[in-house]
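Trainee: This is the structure I want to talk about, given as structure tokens.
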Amino acid sequence: MDPALVAFLMRIISRTFNTKLLTGILLIQCALCHFVVGQVESANWHSVFHGLILADGDEETFVKDLEVFGDPGISDLYEAWRTGDVYSFEQDREKIALRQMSSSSWIKISTGEAIELSSSDLESMSKLRASRGVRRMMKSLIDTLGLKAEDPIVRQESAMKLGLSQNSEFLPALRSRLEIETNKNVQTSIHEALAISLLANGSPEEILQSVETLGDLKSVPGRDFVQKLYDTEIESDRSESALSQASINTISKIEAYIGRVEFIGNFFRGLSLGSVLLIVSFGLAITFGLMGIINMAHGEFVAIGGYTTYLVQTWFISIWGIDSYAFGWYFVISLPISFAVAAVIGLGLEKSVIRFLYRRPLESLLCTWGLSMIMQQGFRLIFGAANVQVNNPAWLLGNLSVGGFNMSYTRLFIMAIAVVVVILTWLLLRKTNLGLHIRAVMQNRDMASSLGIPVNKVNSMTFALGCGLAAVGGSVLSQIGNVGPSMGQAYIVDCFMVVVIGSVGNLLGAGISAMGIGSIDQFLQPSLGPVMGKITVFFLIIIFLQWRPGGLFPTRSRSLED
């Protein structure tokens, strides 16, 4: 409606009705109109694009109308139009544009809905392609499309991509987006992108200001650009210039920040690796310390946990589907199931094989090594030699950002599980009769038996507990690694090292040594490499055991055997 006519009508109405009442009605109408227009705009980019495809000489208007939308479907549809997957035909004297999804699947572009076509419709179709002029106009729109996306992360990534290109054509889009952006993280990314781009496109004052801005933001992507600028200043014999000094300060700030991030990253990865070692080695510490059994098949119980998690996942997918809300709970359900399955298998193994190997370390080593080979082959026969895929639940995807460092939710959850395992194991050993019996047998088996403690039952339950804890470790490993027949073998040596360093049978020592080995390994690998880092860790362990053969907390016993 013409604005002048609206103003005229409003003056007439204002003289007729109460002014306050009219003002309230108008405010409500404006709010409703704004809401409706917003809803129409957010859902109507299909019709705008449909008009662009069928436009004849007025393409620039439709391209400008598309600039308000940030839907990624625009880029996808444009690519289909550019490559020849868009057709048109007439229906009821109306020209309709369609997108071909497959040989028999078509989408109506104006609504985004599927449409069925007859053979006559297919015969009357004509292929449409974007003209050179439209492609030139659409290029800028597609490049800056991510700045208008609903997801803040997409807007951040798009802003950095435009800034890193250092293309002056994107500066207006970045500046205009900065004026209306409300998310602080996105604002920071746009400031960083503008500063990087201005290093190549700005005036001397803007370049100097951009260098200082990148230093204040501790921009890791901007470091190489500032370094290149500094090298240019040095080559031009301007080492004492303000720009050169600002570049030095910025590079120093960024490198110091990178060092802190790397330290925190290595520490965090060391804690997560130590958490895995702690869960897996706790069971080994209990069984090794109680029964003196060198269980080389402990790694295969780790694999049992991984495969149990895989089976629970498959069961959830078959019932609810991988995209359902219920699927996200499969991992939580798989943890106690993995523990129970491995504990039952371990209980049967102890009653049939292990109980005949007490106080026979060499025989137990050979026998459990043979069991390890048998179990691995059994996994290959049942699940195949290749690794099986275990998907992460949606709530474990993503990262927690703290001070510029990203910590994955998966590894944080693994550390939380390790804490829970420690607490529950401590409660079991300190607050239950079974724990009291386990500690008594660990200190002196013969004396415990003479006092009426059922040593055989304690051995069985303890071995089952150790196998169950190993399976819990395998379950959490399925979220950060592959699940295969030999997945446990990669951790078995480290677990024995954890048990020995922490003192055999001492859970506190096992926990401290697990975190220590995990942290040292992660700190050494970036500088020495995975192989030399592992060798160095083993070398340090040998030196430590030469100094303290009994480990961190050597056991003091009053038994006559000592």
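Trainee: For T182 and S450, what does the FRET efficiency come to when R0 = 56 Å and r is the distance between their Cβ atoms, rounded to the nearest 0.05?
Mentor: 0.15
Trainee: Starting from the Cα of L365, move 7 Å in the Cα-to-Cβ direction to define the label point; list residues of the stretch 499-521 whose amide nitrogen is under 17 Å from there.
Mentor: 499-501, 504
Trainee: Moving on. What share of all Cα pairs of the stretch 391-549, in percent, falls into each consecutive 5 Å distance bin?
Mentor: With 5 Å bins starting at 0, P(r) equals 1, 7, 12, 17, 17, 17, 13, 8, 5, 2, 1, 0, 0.
Trainee: What's the extension gain from N387 to A256 if we count 0.36 nm per residue and subtract their Cα-Cα distance? Each step should come with its number before you reach the end.
Mentor: Values: separation 131, 0.36 × 131 = 47.16 nm, distance 4.08 nm.
Working it through step by step, the gained length comes to 43.1 nm.
Trainee: A further question on this structure: Given the DSSP H assignment, sum -39500 (n - 2.57) over each helix run of at least 4 residues in the chain and divide by its residue total; what's the result at 222 nm in deg cm²/dmol, nearest 500?
Mentor: -23000 deg cm²/dmol
Trainee: Can you give the FRET efficiency to the nearest 0.05 for V68 and S203, using r as the Cβ-Cβ distance and R₀ = 41 Å?
Mentor: Computed FRET efficiency for V68 and S203 comes out at 0.85.
Trainee: Just to be sure I understand the model, the point goes 7 Å from the Cα along the line to the Cβ. What's the resulting F538 to D58 distance in nm?
Mentor: Each label point lies 7 Å from its Cα, and together they span 7.7 nm.
Trainee: Sticking with this structure for a sec: What range in the chain is the longest one free of trypsin sites (Lys or Arg not before Pro) that are in a loop by DSSP and have at most 15 other Cβ atoms within 10 angstrom?
Mentor: Values: sites that count: R93, R129, R238, R359, R556, R558.
With trypsin sites (Lys or Arg not before Pro) excluded where exposed in loops, the chain gives 360-555 as its longest stretch.
Trainee: Can you tell me how the stretch 146-240 classifies by the Cα gyration tensor, rounded, prolate or oblate, using a/c under 1.5 as the rounded cut?
Mentor: The shape class here is prolate.
Trainee: Please name whichever of L427, Q489, S272 sits farthest to the positive end of the charge dipole of the chain, dipole taken about the Cα centre and charges placed at Cβ: Lys and Arg +1, Asp and Glu -1.
Mentor: Working it through, the farthest residue towards the positive pole turns out to be L427.
Trainee: Over all Cα pairs of the chain, how is the pair count split among 10 Å bins, expressed in % and running from 0 up to the last occupied bin?
Mentor: Per 10 Å bin, starting at zero, the Cα-Cα P(r) for the chain comes out as 3, 13, 16, 16, 16, 14, 11, 7, 3, 1, 0, 0 percent.
Trainee: So, one more: So which lysines pass the test for K184, namely a Cα distance under 25 Å, with those fewer than 8 places away in the same chain ruled out?
Mentor: Reachable lysines: K148, K161, K218, K253.
Trainee: Working out 0.36 nm times the residue gap between D92 and A114, then minus their Cα-Cα distance, what length gain in nm do you get to one decimal?
Mentor: Separation in residues times 0.36 nm, less the Cα-Cα distance, equals 6.1 nm.
Trainee: Please list the helices of the chain that count as membrane-span-like by this rule: a mean Kyte-Doolittle hydropathy of at least 0.0 together with Cα atoms stretching 30 Å or more along the helix axis, each helix being a complete DSSP H run. Mind showing how you got there, number by number?
Mentor: On the way: long enough: 19-43 (36 Å, 1.26); 242-291 (72 Å, 1.07); 298-320 (33 Å, 0.63); 330-352 (32 Å, 1.52); 361-383 (32 Å, 0.84); 409-431 (32 Å, 1.79); 455-477 (33 Å, 1.13); 507-528 (31 Å, 0.95).
Qualifying helices, which must be both long enough and hydrophobic enough, are 19-43, 242-291, 298-320, 330-352, 361-383, 409-431, 455-477, 507-528.
Trainee: Then there is this: Only four residue types carry charge here, +1 at the Cβ of Lys and Arg and -1 at the Cβ of Asp and Glu. Report the dipole size of the chain about the Cα centre in Debye, rounded to the nearest 20.
Mentor: So the dipole magnitude of the chain works out to roughly 2660 debye.
Trainee: In the stretch 301-350, what chymotrypsin sites (Phe, Trp or Tyr not before Pro) fall in a loop by DSSP, with at most 14 other Cβ atoms inside 10 Å?
Mentor: When the chymotrypsin sites (Phe, Trp or Tyr not before Pro) of the stretch 301-350 are filtered for loop state and at most 14 Cβ neighbours within 10 Å, Y325 remain.
Read-outs: derived from the displayed coordinates by stated rules, not from any lab. All values reported here derive from a predicted model rather than from experimental measurement. Ideal geometry is used to build each Cβ from the backbone, glycine not excepted, and the neighbour counts take in all protein chains shown.
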